[in-house]
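J.: Before we start, here is the structure in question, set down as structure tokens.
The values are calculated or read from the model by the stated rules, or taken from the named source; none is laboratory data. Computed from a prediction, not measured in an experiment: that's the story for all the values here. So basically every Cβ, Gly included, is an ideal-geometry build from the backbone, and we count neighbours across all protein chains shown. Surface accessibility is based on the protein's heavy atoms, side chains included, excluding ligands, DNA and RNA. Shrake-Rupley method; radii C 1.70, N 1.55, O 1.52, S 1.80 Å.
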Amino acid sequence: IQALAVGLPAMTTLVSSFIIGNVLGSSALASIGFAGPFMFVISGFSSLISVGAQILCGKYLGSGNDDSLKKAFNTACVMCFFFGSLLVLFTSFFPSTLAELLGTSGELKAMTSDYIRGYSLCCLFSVFSATLIPFLQLDCAKILSTISIVTLVALNIIFNLLNAFVFHLGMYGVGLASSISSAISVLICVPYFAGKSKLFSFEIKSFSLKEVKRICLFGINSAIIFLWLTLRDRIFVPTLMSLGGTVAISAFTIANNISNSIGCTIQGGVQGTCNLVSSILVGSKDVESLRKLPGEISKTITPFFALCYLIVFALAKPIALAFGAEPEHIALYVLAIRYFNFWFFPTTIRTLGVTIYNSLNKVKTTGVLNFLVLLAYPVSVYFTAKQKIIQAKKSNPEEKH
């Protein structure tokens, strides 16, 4: 459930990309690639509140502090509304400016702007979804959380198909499909917290500025992860455009969407669950169980990542074709899918470290670890490869690279 909650934005983007690639073409798919850094910004706000609130509430639950538990939950909900509303206003009124900041121009700028404008409401509901669904799990309402997630994915598919074959709203319709499906998914959860929940309930008077500070303290490292990913993609995408045009961006978009939907979902699920478990253990001072946790994480996440990567590697060509890759460029798509998703393996080690350091509030240690793995290393490798491509083009201008 945690994994699905974390992966919801990525899943809706993956569904959109599948339909876009087969109906609207590679230019439309490239606009999704350019919008990628902004999607990470939304995920960053979601993660700041969701992870921070889970760790804090876990500590209160472990120590039996019910009053603080209620304050932390309601403070998180108010933060969701505040940050989500700011994102809605910005994307509604300045989609063109945002598209320009993302490095687009001409036709791609118009398509990216339309997508962001349609996606605007999703900003609010994505933040709420990432926060509320883990609390449903914590309150043992697993069936309701599953219904909410299944509804989101199913409606997103339906609305995207309606946009492609009935309404013909282009990229605006793609973004709008995500907004409508996310809104309905969250509204399914809301009544539960209005009276049926055993541990949590909406009470605006329980909001506390002190809890805002604590939530941000525990959630900041998770938010910074998405800052590094935002910067990484903001560097990658425009340069890929200059090297290989919309085909290169389309290949990167497919590889990146698979990465987010599979890799980030598994990692986020394990990390989110273990953040909650470790914070409860820290709150209850259960040192013995806390020592066993890294081994349990490793046994859980390593087989998942290994199996998923083997499947992605083996099926790279069918996956690329399914997303609308042009047969004449299929080798590029296969290369992108196989190499970009190799990070599944080293992230196992990072997840172990980040989870344990987070529970012990080692902010600087987790910050350095995330920076090295998520930004410094991939960008250094990327620019090394870029220079080799440029040199190869100079020495053999007529050869394809």
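Residues are listed down the side, and each one gets a yes or a no for (1) modelled with pLDDT of 75 or more; (2) open to solvent by 10 Å² or more (accessible area, probe 1.4 Å); (3) more than 25 Å from Pro318 (Cβ to Cβ); (4) not in a helix (DSSP H, G or I):
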position: Leu240; (1), (2), (3), (4): yes, yes, no, no
position: Ala248; (1), (2), (3), (4): yes, yes, no, no
position: Phe252; (1), (2), (3), (4): yes, yes, no, no
position: Ala255; (1), (2), (3), (4): yes, no, no, no
position: Ser259; (1), (2), (3), (4): yes, no, no, no
position: Cys264; (1), (2), (3), (4): no, yes, no, no
position: Leu276; (1), (2), (3), (4): no, yes, yes, no
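J.: Now, a different point. Quick one: is Phe73 out of contact with any Gly (no Cβ under 8 Å at 6 or more places or on another chain) and either open to solvent by 10 Å² or more (accessible area, probe 1.4 Å) or not in a helix (DSSP H, G or I) (or both)?
T.: no
J.: Helices (runs of 4 or more DSSP H) wholly in the range 315-360 with at least 1 residues that are closer than 20 Å to Val381 by Cβ and aromatic (Phe, Trp, Tyr) - which ones?
T.: Passing ranges, in order: 330-340.
J.: OK, next. Can you give me the number of residues within the range 189-199 that are of a type in the set (A, V, I, L, M, F, W, C), surrounded by fewer than 16 Cβ atoms within 10 Å (Cβ to Cβ) and under 18 Å from Thr146 (Cβ atoms)?
T.: The qualifying residues number 1.
J.: Ok, one more. Does Cys122 qualify as being part of a helix (DSSP H, G or I) and not charged (D, E, K, R)?
T.: yes
J.: Let me ask another. I need the full set of residues from the range 84-113 which are open to solvent by 20 Å² or more (accessible area, probe 1.4 Å) and under 23 Å from Ser46 (Cβ atoms), in order please.
T.: Across the range 84-113, the qualifying residues are Ser85, Leu86, Val88, Leu89, Phe90, Ser92, Phe93, Phe94, Thr97, Leu101.
J.: List pairs: first in the range 200-217 and open to solvent by less than 30 Å² (accessible area, probe 1.4 Å), second polar (S, T, N, Q), Cβ under 7 Å, 6+ apart or cross-chain?
T.: Ser206/Asn74; Ser208/Thr75; Glu211/Thr75; Ile215/Thr75
J.: Can you give me the number of residues within the range 367-383 that are modelled with pLDDT under 80 and of a type in the set (S, T, N, Q)?
T.: Going through the range 367-383 one residue at a time, the tally reaches 0.
J.: Inside the range 296-318, can you point out the residues that are open to solvent by less than 40 Å² (accessible area, probe 1.4 Å) and either in contact with a Phe, Trp or Tyr (Cβ under 7 Å, 6 or more places away or on another chain) or under 30 Å from Gly64 (Cβ atoms) (or both)?
T.: The answer is Ile297, Phe305, Cys308, Tyr309.
J.: Here's another thing I want to ask about it. Quick one: which of Gly62, Gly25 is at positive phi and surrounded by fewer than 23 Cβ atoms within 10 Å (Cβ to Cβ)?
T.: Just one listed residue meets the conditions, Gly25.
J.: Anything in the range 137-171 that is of a type outside the set (A, V, I, L, M), part of a helix (DSSP H, G or I) and within 16 Å of Val190 (Cα to Cα)? List them, or say none.
T.: Gln137, Lys142, Ser145, Thr146, Ser148, Thr151
J.: Restricting to the range 319-378, name every residue that is over 29 Å from Ser17 (Cα atoms), β-branched (Val, Ile, Thr) and open to solvent by 20 Å² or more (accessible area, probe 1.4 Å).
T.: Of everything in the range 319-378, those that are over 29 Å from Ser17 (Cα atoms), β-branched (Val, Ile, Thr) and open to solvent by 20 Å² or more (accessible area, probe 1.4 Å) turn out to be Ile349, Ile356, Val363, Thr365, Val368.
J.: Can you find even one residue in the range 81-103 that is more than 23 Å from Trp228 (Cβ to Cβ), touching a residue at least 60 places away in the same chain (Cβ under 8 Å) and in contact with a Leu (Cβ under 6 Å, 6 or more places away or on another chain)?
T.: No, the range 81-103 contains no residue that is more than 23 Å from Trp228 (Cβ to Cβ), touching a residue at least 60 places away in the same chain (Cβ under 8 Å) and in contact with a Leu (Cβ under 6 Å, 6 or more places away or on another chain).
J.: Quick check, is Phe159 under 21 Å from Cys57 (Cβ atoms) and either open to solvent by less than 50 Å² (accessible area, probe 1.4 Å) or in contact (Cβ under 8 Å) with a residue 12 or more places away in the chain (or both)?
T.: Taking the combined requirement at face value, the residue does not satisfy it.
J.: Just to be sure before I move on: is Leu231 at pLDDT 85 or above, surrounded by fewer than 21 Cβ atoms within 10 Å (Cβ to Cβ) and closer than 21 Å to Phe383 by Cα in the structure I sent?
T.: So Leu231 fits the description; yes.
J.: Among Val270, Val287, which is within 22 Å of Lys59 (Cα to Cα) and open to solvent by 50 Å² or more (accessible area, probe 1.4 Å)?
T.: Result of the check over Val270, Val287: Val287.
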